[in-house]
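Single-structure report; data block below.
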Amino acid sequence: MRSVVAIVAAVFLTLASCVEAAPRAALAPVRIEVPGAHNLQFLSLWVALGAGYFQEEGLDPKIAVARGPRLTGQAMLRGDADVALLPPPMFLGMMAEEKPILLFANLLSNEPINLVVRKEIADARRIAARITLSERLHAIEGLKIGLAGEVAPRLREIAAAAGMDADKDFQLVTVAGPDQVDAFASGAVDVLFSHTPYLETALVRHGGVLLVHASSGEVPGLAGGQIHALVTTRVTAREKPELIESVTRAILRAQRLIQSDLKAATDAIIASGAANDRALVEAIVAVYAPAIPMTPRISLEGIMRDTALYPAHPRAPDFTRVKAEDFVASEFAERAAR
């Protein structure tokens, strides 16, 4: 006759084997459409991916790169993606066309384009010793500033904050993004008004000096706004609210990590596959971290301001006819923060 101990042991082993054989809960797929797979302006998303926050929320993220930046959101509207990451030109254009979209998570709230000056100019004009924004900008009066074709309104906002006129007080030179680093390194331009990946390359590879850190919020007209946003359709928000809330919570966790631990944020970005050059990633994370909002809550004021700063495609919304708040779902950020 088997002993009581033997019987208990056998029962325990049987139960243990059943537990081990039980399948883990399947992760729910979430399809995220993005303009590009390596743009570090999207660092909140890359950190959430690399840190495993989506999986911890029970989600299996699938990244889909749009066929072109201006086509981002089309897969979402067709039902082939649950979420799209949209910059102002795209979500403003969709608002103008009254597409059935809802912005639910703010990924970046300060301007991602910053001013970097050549080191020899910074040294010659003693720019590093200057304190105020006005002093720094007056120190480069008359110099050549390289910038992309559609970003001049934001440079004018920076100049105005110093009581200057960008079109009169500087020489504005239009330089396409891929050519900006070469123009800066060769001296064809003295200052670069640029974003990732050109900004960190100018800083790390060519000794550039950060002249105006717009991403830090030091220019009031370019701070506390609504830059990149996660967007979904009204149907998805209605039929899959738990999924959208989980996505928002993963983003909130990523934002908190960026704000608290730059090294961990850098590690997560590299783990995501968005970038692999640690020196460049460290540089841009340090520049962009202050631009990360404290909460993913969408900024209505920022949306309204965007119409004057960003070129909307195909056209800007008429907010006397449509209401920005009709395209915003604030409840997901509010629930995520609880």
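The values are calculated or read from the model by the stated rules, or taken from the named source; none is laboratory data. Everything quoted here is computed from the prediction, not taken from an experiment. Here the Cβ is made from the backbone with ideal geometry for all residues, glycine too, and neighbour counts use every protein chain on show. The area values use the complete protein model at the heavy-atom level, side chains included, leaving out ligands, DNA and RNA. Shrake-Rupley method; radii C 1.70, N 1.55, O 1.52, S 1.80 Å.
Could you please find all residues in the range 144-159 being open to solvent by 20 Å² or more (accessible area, probe 1.4 Å) and among the aliphatic types (A, V, I, L, M)?
Within the range 144-159, just Ala148 meets the criteria.
Go through the range 242-284 and count every residue that is among the polar types (S, T, N, Q) and open to solvent by 50 Å² or more (accessible area, probe 1.4 Å).
3
Going by what's in this entry, would Asp182 be described as under 25 Å from Ala283 (Cβ atoms), acidic (Asp, Glu) and without any contact (Cβ under 8 Å) to a residue 24 or more places away in the chain?
Working: under 25 Å from Ala283 (Cβ atoms): yes; acidic (Asp, Glu): yes; without any contact (Cβ under 8 Å) to a residue 24 or more places away in the chain: yes.
Yes: the conditions hold for Asp182.
I need the full set of residues from the range 252-288 which are among the small types (Gly, Ala, Ser) and touching a residue at least 40 places away in the same chain (Cβ under 8 Å), in order please.
Ala254, Ala264, Ala265, Ala268, Ala271, Ser272, Gly273, Ala274, Ala275, Ala279, Ala283
Ala129 passes all but one of (1) free of Cβ contacts under 8 Å to residues at least 12 places away in the same chain; (2) within 15 Å of Val231 (Cβ to Cβ); (3) aliphatic (A, V, I, L, M); which number fails?
Of everything listed in (1) free of Cβ contacts under 8 Å to residues at least 12 places away in the same chain; (2) within 15 Å of Val231 (Cβ to Cβ); (3) aliphatic (A, V, I, L, M), Ala129 misses just condition (2).
The rows are residues; the columns are (1) over 25 Å from Pro87 (Cβ atoms); (2) of a type in the set (Lys, Arg).
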{"residue": "Arg126", "(1), (2)": "yes, yes"}
{"residue": "Ala139", "(1), (2)": "yes, no"}
{"residue": "Gly149", "(1), (2)": "no, no"}
{"residue": "Ala152", "(1), (2)": "no, no"}
{"residue": "Arg156", "(1), (2)": "no, yes"}
{"residue": "Ala160", "(1), (2)": "no, no"}
{"residue": "Lys168", "(1), (2)": "yes, yes"}
{"residue": "Gln171", "(1), (2)": "yes, no"}
{"residue": "Val175", "(1), (2)": "no, no"}
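Among the candidates Thr248, Thr233, single out the residue that is over 18 Å from the mean Cα position of the chain (by Cα) and among the hydroxyl-bearing types (Ser, Thr, Tyr). Let's see the steps before the verdict.
On the way: Thr248 fails: over 18 Å from the mean Cα position of the chain (by Cα).
Going through Thr248, Thr233 in turn, the sole match is Thr233.
Restrict the check to the range 160-167 and report whether at least one residue is farther than 25 Å from Ala129 by Cα and either open to solvent by 40 Å² or more (accessible area, probe 1.4 Å) or part of a helix (DSSP H, G or I) (or both).
Taking every residue of the range 160-167 in turn, at least one turns out to be farther than 25 Å from Ala129 by Cα and either open to solvent by 40 Å² or more (accessible area, probe 1.4 Å) or part of a helix (DSSP H, G or I) (or both).
In the range 170-207, what residues are touching a strand residue (DSSP E or B) at 6+ places or on another chain (Cβ under 6 Å), under 16 Å from Glu150 (Cα atoms) and open to solvent by less than 30 Å² (accessible area, probe 1.4 Å)?
Val175, Gln180, Leu192, Phe193
Among the residues of the range 208-218, which ones are in contact with a strand residue (DSSP E or B) (Cβ under 9 Å, 6 or more places away or on another chain), part of a loop (DSSP other than H, G, I, E, B) and among the small types (Gly, Ala, Ser)? Spell out the reasoning first.
We begin by selecting, within the range 208-218, every residue in contact with a strand residue (DSSP E or B) (Cβ under 9 Å, 6 or more places away or on another chain); these are 208-216, 218.
Now drop any that are not part of a loop (DSSP other than H, G, I, E, B), which leaves 208, 213, 218.
Gly208 - this is the single residue of the range 208-218 that is in contact with a strand residue (DSSP E or B) (Cβ under 9 Å, 6 or more places away or on another chain), part of a loop (DSSP other than H, G, I, E, B) and among the small types (Gly, Ala, Ser).
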